[in-house]
1. Quick one: compute the contact order of the chain, relative version, from alpha carbon pairs under 8 angstrom and 6+ residues apart, as a percent.
2. What shape does the stretch 115-266 take by its C-alpha gyration tensor, where a ≥ b ≥ c are the square roots of the eigenvalues and a/c under 1.5 counts as rounded, a/b above b/c as prolate, and the rest as oblate?
3. Sketch the reach of a paramagnetic label on residue 313 as a point 7 Å from Cα along Cα-to-Cβ, and name the residues of the stretch 48-69 whose backbone nitrogen lies under 16 Å away.
4. Taking Cα centroids, how far is the stretch 40-110 from the stretch 154-181 in Å?
5. Please list 232-242, 109-119 highest first by mean number of surrounding beta-carbon atoms within 10 Å per residue.
6. Treating the beta-carbon of each Lys and Arg as +1 and of each Asp and Glu as -1, no other charges, what is the dipole magnitude of the stretch 88-174 about its Cα centre, to the nearest 20 debye?
7. Once amide H atoms are built 1.01 Å from N in the peptide plane, which residues 5 or more positions from residue 141, or in another chain, come under 5 Å H to H?
8. What dipole magnitude, in Debye to the nearest 20, does the chain give about its Cα centre under +1 on Lys/Arg Cβ and -1 on Asp/Glu Cβ?
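Just so it is clear, none of the values below were taken in a lab; they were calculated from the coordinates. No experiment lies behind these values; they were computed from the predicted model shown. Neighbour counts are summed over all protein chains in view; Cβ atoms, including those assigned to glycine, are modelled from backbone coordinates with ideal geometry.
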Amino acid sequence: MSIVDMPASLDSEFVSTASNFERLREIDPEIYLLTCREVIRQSQYIRLIPSENYTSAAVMQAMATPFCNKYSEGYPGKRYYEGNEIVDAVENLCRQRACSLFGADHANVQPNSGSPANMAAYYALMKPGDRVLGMHLPSGGHLTHGWNVNFSGILYQTAFYGYNQEQGVTGMDPETGMLDYEEIRRIALKFKPNVIFAGGTAYPRIWDFQRFRQIADEVDAYLVADIAHINGLILGGVHPDPVPYADVVTSTSHKAIRGPRGGFILCKNRPMKDDPATSLPDRIDKAVFPTLQGGPHNNTIAALAVCFAEAATQEFKSYAQQIVANAKVLSEALIAKGWHLVTGGTDNHLILVDVMRSKKIPGKPFAKALYDAGLETNFNSVPNDPRKPFSPSGLRIGTPAVTSRGFGEEQMRQIADWMERTATACKKEGKEYHFDPAAIAKIRAEVIELCTDPRFPVPGISI
Ligand SMILES: Cc1ncc(COP(=O)(O)O)c(C=O)c1O
């Protein structure tokens, strides 16, 4: 009998010894205490950063398994170490679940995160010095879509779509903040990219992947869809699916999909343009290992497999739909109070608020005041931002984590109200922005009351 077929009792004790914190408390009280504080922090703040979430207890338990002890350079069936028969079964299961969930031909579940997943796509599809067209970072793109301080901007020639008048960036309607696909096509025809990236970190609207495919075909470019932010929404059927259109789909495994921190890549089974004898899956796999990474994080892959199983349920679909419903209610409540939202609202899980334009407060001091009040957000540039990236005009908020807690439309209106009260508590003195401490403390008390309401338990965490 092979070790993979050996019966293992579901009553086995090891999971409980790995996932309770008795030993941690004994061996390292400092880290134990910090863990407890983070548990309380994640429970008692309203977490509105759109790239964050709460994983389930099952995902967290899979991360704390002995798979973290194993080295397994290579892929299932072709490893450089003995003892990988069970790890092979885990990785195969994870890959199969990814393919059936997203309807993809091939999946690589080894990237350590979203950035390495993107780097693997670059390596698989281009040579250094080739050309990439991506979304402009301050207009809502990601560092890895060609920004100059990132490998993508250092090793490749870049062009951007977005909007910045001073830098001459176009491809977004200056009035509405919506992507302008005709202009993106024009940029592509002129720049002739080898690869086009579709995806971003702060674009609150639908990505038209079919339109990107048409543009990519016109200029004979590969299309990469980076779905890091919208992975869960696609599975919930509340965002169009890029798999039929993109050659390669990259993603983080956290964010809306509620998995462990990691990454994965999906791709079509097609020959490479520069070498028809080589397939795209083969290139992707080689780019991840051995080009960019060594041994995969097997405990993360086990947790990702669990995440995919959870994401295949009807419960997850309803969750994803509620993320979008909540974001719409929150955006409408803010608009009703006179806030200016980039693009005038949202189609997805995130809202980009122009705080400067709405309330004459920069995003950074406002995010700090909200955090003091118990609302965790992040300051963010808005398209054509007249302010610098480290103190921009905007605030980025999102609903995946609060929806995981079970917050609904009533709580969204309450959040809008707290944001309004925080802005009202602001006084500008010279160059400084001060927020009335009594008003902030009052909101903080109300936030704690909501966060300790037994109707809204925190998934995977109990105090
Ligand atoms: C669109 C997009 N791509 C890639 C990444 C990179 O992911 P990571 O931070 O896990 O490397 C992010 C992270 O914010 C993202 O939003």
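1. Taking the mean separation of contacting Cα pairs over the length of the chain, I get 21 percent.
2. Judged from the Cα gyration tensor, the stretch 115-266 comes out rounded (a/c under 1.5).
3. 54-62
4. Computed from Cα coordinates, the inter-centre distance equals 35 Å.
5. 109-119, 232-242
6. 100
7. It is 136, 201, by chain and number.
8. 1060
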